[in-house]
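Some notes on the structure that comes next.
The values are calculated or read from the model by the stated rules, or taken from the named source; none is laboratory data. As the structure is a computational prediction, the values presented were derived from the model and not from experiment. Every residue, glycine as well, gets a Cβ built from its backbone with ideal geometry; the counts of neighbours run over all protein chains shown. Surface accessibility is based on the protein's heavy atoms, side chains included, excluding ligands, DNA and RNA. Shrake-Rupley method; radii C 1.70, N 1.55, O 1.52, S 1.80 Å.
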Amino acid sequence: EWVFRACMIVVLKQISDPESRLSTGDIALYSPLYFGVAHLHHVYNMVYKEKRSWKSSLIVCFVQFLYTSLFGSYVAYVFCRTNNVYGIIIQHSFCNFMGLPQPLWFRNPQHYLNKYSVILSFGYIFGIASFYCLIQYI
């Protein structure tokens, strides 16, 4: 977060001339691409160290690139609006702790979370709706 938000976004705000400065939306769109590209070295590790196929390694890294870029857009937007790196460090830590949602439990009756499927589904829907409604207040 410190490098990709606190340092890079400040530079992106300053590198353009005053008449054509990048907007918050542009910065939120472009800055995560640098973050995604910085993680492409994982393909090398998967192919040569973990002995995975090129195809599966590229697919895994492409999916990782998509969700890290999506999250990066969000935190870049939040940083541009708040200029507070500590809040996004906490958000990033929480997201890393929680991981990506794995909704396979919903279809698998043997999964230990299946018995909570109604509550968890409501939580997902409530969280997405709340995010959509509250993002405007940042």
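Taken across segment 104-114, residues that are farther than 22 Å from Leu29 by Cβ, surrounded by fewer than 10 Cβ atoms within 10 Å (Cβ to Cβ) and within 15 Å of the chain's Cα centre (by Cα) do not occur at all. Of all the numbered requirements in (1) open to solvent by less than 100 Å² (accessible area, probe 1.4 Å); (2) at pLDDT below 80; (3) assigned to a helix (DSSP H, G or I), Ile88 misses one, and that requirement is (2).
Search segment 91-103 for residues being in a helix (DSSP H, G or I) and surrounded by 12 or more Cβ atoms within 10 Å (Cβ to Cβ), and hand back the single one that is farthest from the chain's Cα centre (by Cα). Ranking the candidates gives Gln91 first.
Residues that are within 22 Å of Lys55 (Cβ to Cβ), in a helix (DSSP H, G or I) and not β-branched (Val, Ile, Thr) were ranked within segment 22-43; the one that is modelled with the lowest pLDDT is Gly36.
Within segment 51-78, track down each residue that is outside any helix (DSSP H, G or I) and open to solvent by 70 Å² or more (accessible area, probe 1.4 Å). I'd like the intermediate steps shown before the answer.
Here is the first cut: in segment 51-78, the ones outside any helix (DSSP H, G or I) are 51-53.
Those that are outside any helix (DSSP H, G or I) and open to solvent by 70 Å² or more (accessible area, probe 1.4 Å): Lys51, Arg52.
Cβ separations smaller than 7 Å between residues 6+ apart or across chains give the following pairs from segment 1-28 residues that are under 21 Å from Tyr67 (Cβ atoms) to residues that are modelled with pLDDT under 80: Phe4/Phe35; Ile27/Lys13. Kindly indicate whether Tyr48 is part of a helix (DSSP H, G or I), open to solvent by 100 Å² or more (accessible area, probe 1.4 Å) and either over 25 Å from Glu1 (Cβ atoms) or at pLDDT 90 or above (or both). So Tyr48 fits the description; yes. Number of residues in segment 115-133 that are open to solvent by 100 Å² or more (accessible area, probe 1.4 Å) and within 18 Å of the chain's Cα centre (by Cα) equals 3. Could you please give the count of residues in segment 96-115 that are touching a Phe, Trp or Tyr at 6+ places or on another chain (Cβ under 9 Å) and closer than 25 Å to Phe71 by Cβ? Of the residues in segment 96-115, 5 are touching a Phe, Trp or Tyr at 6+ places or on another chain (Cβ under 9 Å) and closer than 25 Å to Phe71 by Cβ.
Among the residues of segment 115-138, those identified as part of a helix (DSSP H, G or I), within 23 Å of Thr24 (Cβ to Cβ) and hydrophobic (A, V, I, L, M, F, W, C) are Ile128, Phe131, Cys133, Leu134, Ile135.
Return the residues of segment 83-120 that are of a type in the set (S, T, N, Q) and within 16 Å of Gly72 (Cα to Cα); say none if nothing qualifies.
Applying the first criterion (of a type in the set (S, T, N, Q)) to segment 83-120 yields 83-84, 91, 93, 96, 102, 108, 110, 114, 117.
Asn83, Asn84, Gln91, Ser93, Asn96, listed by residue number.
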